[in-house]
Amino acid sequence: MPNTFDAIVIGSGQSGPFLAVRMAAAGKRVAIIERHRIGGTCVNTGCIPTKTLVASAYAAHLARRAAEFGVDVAGTVSVDMKRVKARKDEISGKSRAGLESWLRSTANCSVYLGHARFESPNEVRVGDELLTAPQIFINVGARATIPEMPGVADTPYLTNSTLLDLEALPQHLVIVGGGAVGLEFAQIFRRFGSDVTVIEKSPRFMHQEDEDVSKEIQAILEREGIHVRLNAHCIALMKHGEEVGVRVDCSEGAPEARGSHILLAMGRTPNTSDLGLEKAGVDRDAHGYIVVDHQLRTNVRGIWALGDCNGRGGFTHTSYNDFEIVAANLLDHDTRSVSDRIKAYNLYIDPPLGRCGMTERDARTSGRRVLIGARPMTRVGRAIEKGESQGFMKVLVDADSKEILGAAILGTGGDEVIHCILDMMYARAPYTVLQRAMHIHPTVSELIPTILGELQPL
Ligand SMILES: Cc1cc2nc3c(=O)[nH]c(=O)nc-3n(C[C@H](O)[C@H](O)[C@H](O)COP(=O)(O)OP(=O)(O)OC[C@H]3O[C@@H](n4cnc5c(N)ncnc54)[C@H](O)[C@@H]3O)c2cc1C
């Protein structure tokens, strides 16, 4: 006899646990199933551990620059990877333990550990147990993509998960992939003391960004001594004794980058191929993402997909927002839709990039009359005072509606400053409201009203 529940949640990523607890609090009997570590990618191998490393790397960087601030640091600055890892493991471990004990202590919520697979549209098997429920929520996330490229089967490589287990510093880390994951690790390990090469097949890093943003990101990383190989059209991995190599075959430069370790940061693949979706009749797209509508319902009544596996986000905040949308629709009689969401994310290099809404390229092709305001961080007092004046800010405005269309804040504090613009976009208020707001001095945010007072046609 199957165990009967009101709802089953598969995967304990950044939406599943919150939905399970909300439903349990509403009096429903809920089962949540996790095959590996509670908390999923963000807690164990993504945001939390990497941001602890970003913090350690920043400390090392600032210590090396201490003399610029009139501070003496005796001796050379070195990084103890064992202690860096211990700090990361403690912070990430506390977060996982907190989440797990929250789930286990929630009345009406049963935690199952094991790989879940559908047996039918309302039945899921985990180990020897068969669970059934009229509502099933899939939150199975994604993993590092390992493309079938020459040499991949015979050459050792790291992913975002295995790199986090290192207790010794790679002498030379060759990173394949110039997206967010690759670039964050590039700066982290360069600041720890490794030689770092980043190989990217596009003509620029973060190719979804505007060209000026990509170029400045590249310049920031190159100033720290990171080697960059773009236009790498023919990537292959190879082993040379103790060394490893990546063939780049660019039109110029050496045909291969050699190092001690390779990190593959070539995108993410949804964990949907071994979930028994065919037995439930749930549709996936050509990339393996579960197809959902604006309320995150799949094509099968009673089954929803949230987080990275639905292809609508790829971030912790989008996965959490998926939970909020589903919970509002099912429990609060408050109709919410994923289409109301404004694109927003950060790139956690230093200085960080905060991004929301349209790029300049999007705005140009939107057919709107667009205004733009921009300012280099060399003209931001707070950045100069901190000795962190790389980067720039730009804001795009619809000339007719006066609504803000998007922004890129690449500079110190950009990861936080972006929210004053994002909130205005959600408020759908004219930019003049923000232009007239009195901001606090000295901050990076105080220049946002100034930028909005200097708008020019794009
Ligand atoms: C290196 C790195 C850094 C990142 N940094 C950031 C950042 O700074 N900010 C940000 O917003 N995002 C960041 N992300 C992305 C972020 O981690 C994810 O978007 C986020 O975790 C949301 O994932 P999710 O909720 O879809 O599921 P996940 O967190 O991926 O969790 C899914 C869970 O489902 C489990 N599971 C899978 N299949 C099954 C099955 N069949 N049965 C049972 N359980 C199963 C998995 O074991 C996993 O625990 C980063 C990602 C990486 C890789």
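The values are calculated or read from the model by the stated rules, or taken from the named source; none is laboratory data. Nothing here was measured: the structure is a model prediction, and the numbers come from that model. Virtual Cβ from ideal backbone geometry, glycine too; neighbours counted across all protein chains shown. Ligands, DNA and RNA are excluded from the accessible area calculation, which covers all protein heavy atoms including side chains. Shrake-Rupley method; radii C 1.70, N 1.55, O 1.52, S 1.80 Å.
What part of the accessible area of region 282-396, given as a whole %, is carbon or sulfur when the probe is 1.4 angstrom? So the carbon and sulfur contribution to the accessible surface is 47 percent.
Computed with a 1.4 Å probe over protein heavy atoms only, the accessible surface of the chain comes to 45 Å² per residue. The packing ranking, built from the mean of other Cβ atoms within 10 Å per residue, places the peptides 153-163, 131-141, 194-204 in the order 131-141, 194-204, 153-163, highest first.
Net length available on complete extension from Arg364 to Phe69 is 102.0 nm, with 0.36 nm assigned per residue and the Cα-Cα distance removed. Residue by residue, region 264-274 carries 3J(HN,Hα) couplings of 9, 10, 10, x, 10, 10, x, 7, 10, 7, 10 Hz when phi is fed to the Karplus relation 6.51 cos²θ - 1.76 cosθ + 1.60 (θ = phi - 60°); x denotes Gly or Pro.
Stretching Ala55 away from Glu167 to a fully extended chain increases their span by 38.6 nm, per 0.36 nm per residue minus the current alpha-carbon distance.
Under 1.5 on a/c is rounded, so check that first for region 139-211, then, if it is not, pick prolate when a/b is larger than b/c and oblate when it is not; a ≥ b ≥ c are the square roots of the alpha carbon gyration tensor eigenvalues. Rounded, because the longest to shortest axis ratio a/c is under 1.5.
Note on Glu148 and Asp195: their simple-model spin labels are 3.4 nm apart, each label 7 Å out from Cα toward Cβ. Need the C-alpha centroid separation for region 169-205 versus region 47-69, integer Å. Comparing the Cα centres of region 169-205 and region 47-69, I get a distance of 16 Å. The amide H of Ile136, built 1.01 Å from its N in the peptide plane, has Ile8, Ile303, Trp304 as neighbours under 5 Å, considering only residues 5 or more places off or on other chains. Per-residue Karplus couplings for region 423-436, computed as 6.51 cos²θ - 1.76 cosθ + 1.60 with θ equal to phi - 60°, are listed in order as 5, 5, 5, 5, 6, 6, 8, x, 4, 5, 5, 6, 4, 8 Hz, Gly and Pro entered as x. Taking the Cβ-Cβ separation of Val300 and Gln208 as r and a Förster radius of 25 Å, what is the calculated FRET efficiency to the nearest 0.05? The computed FRET efficiency comes out at 0.20.
Using the Cβ-Cβ distance between Leu331 and Arg35 with R0 set to 30 Å, the FRET efficiency from 1/(1 + (r/R0)^6) comes to roughly 0.70. Beta bridges per DSSP, both residues in region 145-263: antiparallel share near 45 percent. Extension gain for the segment Leu130 to Ile91, taken as residue separation times 0.36 nm less the Cα-Cα distance, is 10.6 nm to one decimal. Using alpha carbons only, how many angstrom separate the centre of region 374-427 from the centre of region 274-352? Cα centres, region 374-427 to region 274-352: 28 Å. Would any residue of region 90-128 have its amide N under 12 Å from a label point 7 Å out along Cα→Cβ of Asp6? List them or say none. The answer is 108-109, whose backbone nitrogens lie closer than 12 Å to the label point. Computed 3J(HN,Hα) for region 49-65, one whole-Hz value per residue from the Karplus formula 6.51 cos²θ - 1.76 cosθ + 1.60 where θ = phi - 60°, is x, 5, 6, 5, 5, 4, 5, 5, 5, 5, 4, 5, 4, 5, 4, 5, 8, glycine and proline marked x. Computing FRET efficiency as 1/(1 + (r/R0)^6) for Thr450 and Arg428, where r is the C-beta to C-beta distance and R0 is 22 Å, gives about 0.45.
To make sure I understand the rule: partners must be lysines, Cα under 19 Å from the Cα of Lys201, and not fewer than 8 residues away in the same chain. Which ones qualify? List returned: Lys215.
Given N residues in the chain, what is Rg(Cα) / (2.2 N^0.38 Å)?
1.04
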